[in-house]
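Before any comments, here is the structure.
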Amino acid sequence: MIKNLSFVSFAFLYANAVGYAFHFFVSRHLGVHGYGEFMVIYALMLSVGNFINLLSTPVVKELLRHGQEIKKVLSYLRLLGLLLGVSILILGIVFSELLREFFRISKAQYFWVVAGVWFLQQMLMIERAYLQSLERFSLLAISVVFEQSIRLLSVILFVNLGIIGVLFSFIVSTFSTLSMLFGINRVFFTKPKKISLLSLIKASLFTSPVGFFVYADDLFIRRIFEPSVAGLYASVSLVGKVFIWLILTFMTVFFPKFVMYSQKEELVISFLKKVLLLVFSVFILFEVSLIFVGKYLFVLLFSEKFLPAFTYLPFYLFAVFILTLTLVFIYLLTALGTKLWLPYLHLFTYYTGFLVIPFGSVWWYMFYIFFLNLCFLLLYALSIRSR
């Protein structure tokens, strides 16, 4: 258990370190305007990627349920993944012009590349789920390290082509990783065993939707702000995401405890208080770090061109602190299997606000993130007390 956790933790830390090196190159080569545009596309790519990954847990469960025929089920899931992947690819290309206009992106062709990434991610999710079902976590970790490394090398080679070059690095890294896992997992020419598609869909609906919250604010910045302001906001957002992803990493460890204590109200409330205290402590550590080394690290990551954005960072971190607290409660409700409509109401309201509210400045944009999530944080707290 500890060995497997070590593999996954190392892969996560490596992926984040390489990910910030990736943004180091991208922000400098694209500039403030180009980086803001890229982050909108990047947020959309990851948001749909999170939708694809909702199937990951149900896929693992189906593979484990058919232990004796796991290879036949894998063959069927590959065919299903190919069908879903092609569907997503076609939809991405067909609606590329609408996406360009809606998100105010300069070229529809960017979404053609993104649609290709979605197609490959659909296939890659199944291969990784197969490794997970076999508890081959070392190979799972190696695949993550390999993907991030190839992406960094690719972006160094293609970044001079602009946004299209940066996006192409995702195609190269995802395709390379998928090819590697095909070679590892093999299972070719095996007769497929059909499983219930309806059961996969139902199971995915009860999977925690936290991933959809993380990049929601980045999706709409080109619709709301001028290109230069959008680029500055994107840099602040990326730094704030460090806090969110750190806490979500902790939650992969805490979530089983929530499940374990789900039938014992006193234990689950006691453990929840400890988790919330930890989140608060990490938040204080982040804010104090901003005072001493924040500006230096910010300029090191993005360059002097992005320095005007640093004034937004302390309050943005406070806003995402409230958001992160709500994500902890979503994990808890998922573990308890109760009031699962509330996170989806939260998600719908959150996205609707970004679309309909006429934000006048970045400060009002961040206040919306803070206030909306504070309201739902209170609702989550009341829902736990009244269960």
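The values are calculated or read from the model by the stated rules, or taken from the named source; none is laboratory data. All of these numbers come straight from a predicted model, not from anything done at the bench. Please note: Cβ atoms are built from the backbone with ideal geometry, for glycine as well, and neighbour counts cover all protein chains shown. Surface accessibility is based on the protein's heavy atoms, side chains included, excluding ligands, DNA and RNA. Shrake-Rupley method; radii C 1.70, N 1.55, O 1.52, S 1.80 Å.
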Normalised by the empirical 2.2 N^0.38 Å for globular proteins, what value does the Cα Rg of region 307-361 take?
1.45
Quickly rank 226-237, 22-33, 265-276 as a protection proxy: mean count of other C-beta atoms within 10 Å, highest first.
226-237, 22-33, 265-276
Of (i) 26, 61, 13, 0; (ii) 27, 48, 22, 2; (iii) 28, 57, 16, 0, which one was derived for P(r) over Cα pairs in 20 Å bins from 0, in percent from the structure shown?
(i)
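Based only on the alpha carbon positions, what is the Kirkwood hydrodynamic radius of region 147-210, in angstrom?
One over the average 1/r among Cα pairs gives 14.9 Å for region 147-210.
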How much of the accessible area of the chain, probe 1.4 Å, is carbon plus sulfur, in whole percent?
71
With the Cα gyration tensor of region 82-171 giving a ≥ b ≥ c as the square roots of its eigenvalues, does the rule (a/c under 1.5 for rounded; else a/b larger than b/c for prolate; else oblate) give rounded, prolate or oblate?
oblate
Sequence order, region 113-128: Karplus ³J(HN,Hα) from phi using 6.51 cos²θ - 1.76 cosθ + 1.60, θ = phi - 60°, Hz rounded, Gly and Pro as x, gives 5, 4, 4, x, 5, 4, 4, 5, 5, 4, 5, 5, 4, 5, 5, 6
FRET efficiency for residue 264 and residue 339, using Cβ-Cβ distance with R0 set to 22 Å, rounded to 0.05
0.75
Going through 202/257; 257/295; 61/257 one by one, the pairs whose alpha carbons sit over 31 Å apart turn out to be 257/295
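What is region 89-161's relative contact order, in percent, from Cα pairs under 8 angstrom and six or more apart in sequence?
Worked out over region 89-161, it gives 22 percent.
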By the Cα gyration tensor axes a ≥ b ≥ c (a/c under 1.5 gives rounded; else a/b larger than b/c gives prolate, otherwise oblate), the shape of region 261-350 is oblate
Would you mind classifying region 198-296 by shape? Square roots of the alpha carbon gyration tensor eigenvalues, ordered a ≥ b ≥ c; an a/c under 1.5 is rounded, otherwise it is prolate if a/b is larger than b/c and oblate if not.
oblate
Select from region 33-97 those chymotrypsin sites (Phe, Trp or Tyr not before Pro) which occupy a DSSP coil region and have at most 14 other Cβ atoms within 10 Å, ordered by residue number.
95
Per-residue ³J(HN,Hα) for region 299-310, Karplus 6.51 cos²θ - 1.76 cosθ + 1.60, θ = phi - 60°, Hz, x for Gly and Pro
5, 4, 6, 10, 5, 4, 4, 9, 4, x, 6, 4
Cα centroid distance between region 68-105 and region 184-249, in Å?
15
